[in-house]
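Q: Sharing a structure, written as structure tokens. Questions coming.
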Amino acid sequence: MSSDATFFRKQAVQERSNASEADLANVRDRCERAARSWEAMAARAERTEAMRDQRAAATRAASVLAETDDPVATQA
């Protein structure tokens, strides 16, 4: 997991804690909305990192394939 996602999740935990300690309903609602937003950012960061890793792996595989002198690969 990326450090960004970890940070976002920690912020979500903090906001949930703030919500549980809030006396006012509007403050509690605001903290809960903030926690959901932090969770969404964490999920987005994790998806982005996974896609970046997949793209890097595909690029490495393509460069390895291009470097081989396999006649089957060149005939296709």
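Q: Counting only the backbone N, which residues of segment 1-25 are under 12 Å from the spot 7 Å out from the Cα of GLU49 toward its beta-carbon?
A: Within reach of a label on GLU49, which here means backbone N under 12 Å from a point 7 Å along Cα→Cβ, segment 1-25 contributes 1-10.
Q: For every other residue with a beta carbon closer than 15 angstrom to the beta carbon of GLU49, add +1 if it is Lys or Arg and -1 if Asp or Glu, then tell me the sum.
A: Local charge sum for GLU49: +2.
Q: Quick one: grab Rg to one decimal and Dmax as a whole number for the chain, Cα atoms only, in Å.
A: Rg, Dmax (Cα atoms, Å): 22.0, 73.
Q: Then there's this: By how many degrees, between 0 and 90 and to the nearest 10, does the Cα long axis of helix 25-67 differ from the longest principal axis of the chain?
A: On a 0 to 90 degree scale, this one is about 10.
Q: Further question: Using helices alone, what [θ] at 222 nm do you get for the chain, with -39,500 (n - 2.57) per DSSP H run of 4 or more residues, divided over all residues and rounded to the nearest 500?
A: -31000 deg cm²/dmol
Q: Just to confirm the number: angle between the C-alpha axis of helix 3-21 and the first principal axis of the chain, 0 to 90 degrees, nearest 10?
A: Compared with the principal axis, the helix lies near 20 degrees.
Q: Percent relative contact order of the chain, based on C-alpha pairs within less than 8 angstrom and at least six residues apart?
A: 32 percent
Q: Picking from SER37, SER20, ALA5, whose Cα lies most toward the positive end of the charge dipole for the chain (charges on Cβ: Lys, Arg +1; Asp, Glu -1)?
A: The listed residue farthest towards the positive side: SER20.
Read-outs: derived from the displayed coordinates by stated rules, not from any lab. Just so it is clear, the structure is predicted and the values come from calculations on it, not from any experiment. Note that each Cβ is placed from the backbone with ideal geometry, even for glycine, and that neighbours are counted across all protein chains shown.
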